[in-house]
Amino acid sequence: MDRIFIFLQHISPHHLLSRAAGFLARLESPVGLKDWVIGKFVSYYDVAMEEAEEPDCTRYPHFNAFFTRALRADARPLGDGDVLCPADGAVSQIGSISQGLILQAKGRYFTVEDLLGGDEERAAQYEGGEFATIYLSPRDYHRVHMPVAGRLVATTYIPGKLFSVNGVTAENVDRLFARNERLVCHFSTEHGPMAMVLVGAMIVAGIETVWAGQVAPPPKQPVTKDYQALPETVELGSGEEMGRFMLGSTVILLFPRGSIAWEARYTAGAMTRMGETMASYD
């Protein structure tokens, strides 16, 4: 079944399916159908609506609004550690970057340079550093927050495939996260550079940031924006929202050598909650 699943992904029209899903997810009518779909989704995935700022499923104008719902102010208290978890989900892989390689799954790797869209200079900043890949499942809260305070330096949108990013696909598709559509966000922090990569996936209808709105899907070519050249800076505090997915996907964090040490419980498969302490400064 896994082989069939992977084969179907290779032959599927990724972008057509995802854009169609995005169109349907924004429909506000018929209201009865919209409410029925959201209700079935909540029931099937056991979504914790009691944590939502608006717990009534029928109050959301469309599926996208429900999926990117805000949480109650007290639902995710921020930890007092140095580095906070950016999202609800599960750790796909975590560890050190060696010889420019990031572990995707057992026996499969991809390069930092490929992940960052061929940016050799910035990739070199993370040699010997640390990475964490967090998978957001359909039932999770889908806003992404800052693990540390930082100033936005640049972003690069990189077009690509839209393979699913679950465990089965990660174990069977080479260079998965370096092939999928993604948005790379480079930050300057008190302890050096940090990269946050928001990776698109099958039927993920878009990626948004708090400073630019929806940034994927734009034109089908790489788009880089230098925020250091702008008169107004984008600065975000630790725990502040930085972006969101319209349907689920993956966040990858990159830190330079000697900057952080992961908490012991953060290993492949560990569940995560946004705002909990994830690492300390080394």
**Item:** Largest-first ellipsoid semi-axes for the stretch 72-137, taking √(5λ) over the Cα gyration tensor eigenvalues, angstrom
**Value:** 27, 15, 11
**Asked** How much net charge surrounds GLU235 when only other residues with a Cβ under 14 Å from its Cβ are counted (Lys, Arg +1; Asp, Glu -1)?
**Response** -3
**Message:** Tell me the angle of helix 2-11 to the major Cα principal axis of the chain, expressed in degrees between 0 and 90 and rounded to the nearest ten.
**Reply:** 90
**Request:** Using only alpha carbons, build the gyration tensor for the chain and give me the equivalent ellipsoid semi-axes, biggest first, whole Å.
**Result:** 28, 22, 19
**Message:** Let's see if you can work this out: charge +1 on each Lys and Arg Cβ, -1 on each Asp and Glu Cβ, no other charges. What is the dipole magnitude of the chain about its Cα centre, in debye to the nearest 20?
**Reply:** 1020
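Return the calculated 222 nm mean residue ellipticity for the chain, to the nearest 500 deg cm²/dmol, obtained by summing -39500 (n - 2.57) across DSSP H runs with n ≥ 4 and dividing by the residue count. Please list the in-between numbers first.
On the way: 8 runs with 61 residues, N = 282.
Counting only the DSSP helices, I get -5500 deg cm²/dmol.
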**Prompt:** Fewest to most neighbouring Cβ within 10 Å: what's the order for LEU247, LEU198?
**Reply:** LEU247, LEU198
**Asked** Quick one: net charge of GLY150's neighbours, Cβ under 11 Å, K/R +1, D/E -1?
**Response** -2
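Bear in mind these aren't lab numbers, they're just calculated from the coordinates by the rules spelled out. No experiment lies behind these values; they were computed from the predicted model shown. Backbone-built Cβ (ideal geometry, glycine too); neighbour counts: all protein chains shown.
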